[in-house]
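Readers should treat all values here as calculations from the given coordinates under stated rules, not as data from a laboratory. Bear in mind the structure is a predicted one, so any value in this text is a computation, not a measurement. When we count neighbours, we look across all protein chains shown, and the Cβ atoms used for this are built from the backbone with ideal geometry, even at glycine.
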Amino acid sequence: MSLAVGLWATTLVGCHGAQAPVPGDEGDHQPWHGIEAGEVVEAIGTEPFWQVRVQSGAMHLSQPSSRQEDAPFAVSRFAGRGGLSYSGTRAGEDVTLAVTAGACRDGMSDRVYPFTATLRLGSRLRMGCAWTNRHMARAPAAAR
């Protein structure tokens, strides 16, 4: 785990204080298994637009507003109690995609996605929605 990700996680834990209850079953120490290791994970976000695809230990990040090359880069997978993350380095910048269970709407298509996504690019955060090849987004009710 990179130093930046470790500091981010420490900050999140510190925000809740030592007495705050842990969500879910405190006796459950198993990693979250909502997304299996071999699944292809995709995520999107708007304002600014971005798209991520994680497959076979590599992340492909696309940002139309960026002039950086969109070459895939190696990531490591970490499954915690409430979700998972993929972390790596792209052009010298730490990149982490965190995925957690929860219905998510992208605000553009009104599709309902099964996961929420947080993309950290260095110190910048981007919010979005995610899905996998096993857990797909649903079309809006009117379009069904």
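Structure summary
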quantity	calculated
Matching residues, the stretch 64-86, being assigned to a loop (DSSP other than H, G, I, E, B), more than 22 Å from residue 114 (Cα to Cα) and not charged (D, E, K, R)	64, 65, 66, 68, 71, 72
Residue 51 within 14 Å of the chain's Cα centre (by Cα), surrounded by fewer than 20 Cβ atoms within 10 Å (Cβ to Cβ) and free of Cβ contacts under 8 Å to residues at least 24 places away in the same chain	yes
Test for residue 76: is it exposed (fewer than 14 other Cβ atoms within 10 Å of the Cβ), hydroxyl-bearing (Ser, Thr, Tyr) and either under 29 Å from residue 26 (Cβ atoms) or within 15 Å of the chain's Cα centre (by Cα) (or both)	yes
